[in-house]
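Colleague: My questions all concern the structure below.
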Amino acid sequence: MLSSLRVSAIRLGRPGTSLSSKYGPISSIRTISSTPKQKSDASASTSEPVEEKSYLPGRLLVTAEVTVSKIFPAGFGWQSSSIVAEEVLGYTPETMSFALTTGLGDALGVLLGHTAFYGAKKAITGSEAINMKREVHTGILLGSAAFCSGTVWQPVVNALQGANLSFSGVFTGTWVACGTAFYLGLRGSRTILSGYFEHIHEPTYENSKTDTSLSVAIGGATGFFVGTDAAYLPEQNFLIDIVGIKDGTPDLLGCAIAGSSTGLGFVCAQTPMNLIFPGGKSWND
């Protein structure tokens, strides 16, 4: 990731079209174990303070990797599939066939982007820590959730624009709706796929919290994608000069801009969480 639809570039699935979501590997939460240094004898009156671990560098690195390996490919895949849906298959943006096609493109972007990125990283670094079977399973999990958010994106935008909401209203509504769809897809995929894939964990209370924070960031990616529509209320679109896709933009360039918009949205949504979440409490710890 519907009446009175406004005719806009975003509805036509063309250079004004936007894209939904995206996604990041769900890491295990590290346990912080800080054991104070013991006194060496009875005469020792104080103990040295324990140095707290900084999680920020690791979070920034994982955020960057997720943006490159999944969020950009998701946006690129959604936009590419919207072109195929309209120009090759003849689907119009208000149809369920169009929505399902773009959701599939979103999911494939995540799956292929994730596995290709970590396959290349393993080949270049020779790291034994990268288990490609695990990465494929992770790509399947995240791709399944991306299918849900990617599928609902166009119907949600159509409905909000059809209601004549402001650009900020469409932006916020898309963020919330697609982030929720991603979360529900993630939890459902854990429930179904954990019985078949050993590296996909079943839903628990602990991973529900990390799934929630990840879904908020994914929602941000889908919200920023609304900014690619240069036709809908351009005077209100505060992203138009950054990621707006105007008429006449070549298809390939439009796909790259779409991927960039989702990447930008993901980073903007995730950065505050990187800064304020306690150590061990974020999905990217």
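Colleague: If only one of VAL88, VAL156 is aliphatic (A, V, I, L, M) and within 19 Å of PHE225 (Cβ to Cβ), which one is it?
Modeller: Answer to the check: VAL156.
Colleague: Might you check whether a residue that is modelled with pLDDT of 95 or more, buried (at least 21 other Cβ atoms within 10 Å of the Cβ) and in a helix (DSSP H, G or I) occurs anywhere in segment 189-202?
Modeller: yes
Colleague: Can you give me the number of residues within segment 125-142 that are open to solvent by less than 50 Å² (accessible area, probe 1.4 Å) and in a loop (DSSP other than H, G, I, E, B)?
Modeller: Matching residues across segment 125-142 total 3.
Colleague: Within segment 221-230, does at least one residue satisfy the condition of being exposed (fewer than 14 other Cβ atoms within 10 Å of the Cβ) and farther than 19 Å from THR271 by Cβ?
Modeller: Taking every residue of segment 221-230 in turn, none turns out to be exposed (fewer than 14 other Cβ atoms within 10 Å of the Cβ) and farther than 19 Å from THR271 by Cβ.
Colleague: Here's something else I'd like to know. Any idea which of SER208, SER215 is under 20 Å from the mean Cα position of the chain (by Cα) and surrounded by fewer than 22 Cβ atoms within 10 Å (Cβ to Cβ)?
Modeller: Checking each option against the conditions leaves just SER208.
Colleague: Across segment 162-177, what is the number of residues that are over 15 Å from VAL216 (Cβ atoms) and either buried (at least 24 other Cβ atoms within 10 Å of the Cβ) or among the charged types (D, E, K, R) (or both)?
Modeller: So the count comes out to 1.
One line per residue, one yes/no per condition, for (1) open to solvent by less than 70 Å² (accessible area, probe 1.4 Å); (2) at pLDDT 95 or above; (3) under 15 Å from the mean Cα position of the chain (by Cα):
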site: ASP41; (1), (2), (3): no, no, no
site: GLU51; (1), (2), (3): no, no, no
site: ILE71; (1), (2), (3): yes, yes, yes
site: PHE76; (1), (2), (3): yes, yes, yes
site: ALA107; (1), (2), (3): yes, yes, yes
site: HIS114; (1), (2), (3): yes, yes, yes
site: ALA123; (1), (2), (3): no, yes, no
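Colleague: Another question, if that's okay. Give THR228, THR191, THR210 a once-over and let me know the one that is over 25 Å from MET132 (Cα atoms) and polar (S, T, N, Q).
Modeller: Criteria check complete, one pass: THR228.
Colleague: Something else about it: So, ALA145, is that one within 30 Å of PHE277 (Cα to Cα), open to solvent by less than 20 Å² (accessible area, probe 1.4 Å) and either among the charged types (D, E, K, R) or in a helix (DSSP H, G or I) (or both) or not? Please lay out each step first, then the result.
Modeller: Working: within 30 Å of PHE277 (Cα to Cα): yes; open to solvent by less than 20 Å² (accessible area, probe 1.4 Å): yes; either among the charged types (D, E, K, R) or in a helix (DSSP H, G or I) (or both): yes.
Yes.
Colleague: Report every pair of residues separated by at least 6 positions or lying on different chains whose Cβ atoms are under 8 Å apart, first residue within segment 202-223 and basic (Lys, Arg), second surrounded by fewer than 19 Cβ atoms within 10 Å (Cβ to Cβ).
Modeller: LYS209/LYS281
Colleague: Please work out if LEU184 is in contact with a Gly (Cβ under 6 Å, 6 or more places away or on another chain) and farther than 21 Å from PHE72 by Cβ.
Modeller: no
The values are calculated or read from the model by the stated rules, or taken from the named source; none is laboratory data. Model, not experiment: these values are computed from the prediction. Heads up, the Cβs are rebuilt from the backbone with ideal geometry, glycines too, and the neighbour counts pull from every protein chain shown. To get the accessible areas, we keep the full protein, side chains included, count just its heavy atoms, and leave off ligands, DNA and RNA. Shrake-Rupley method; radii C 1.70, N 1.55, O 1.52, S 1.80 Å.
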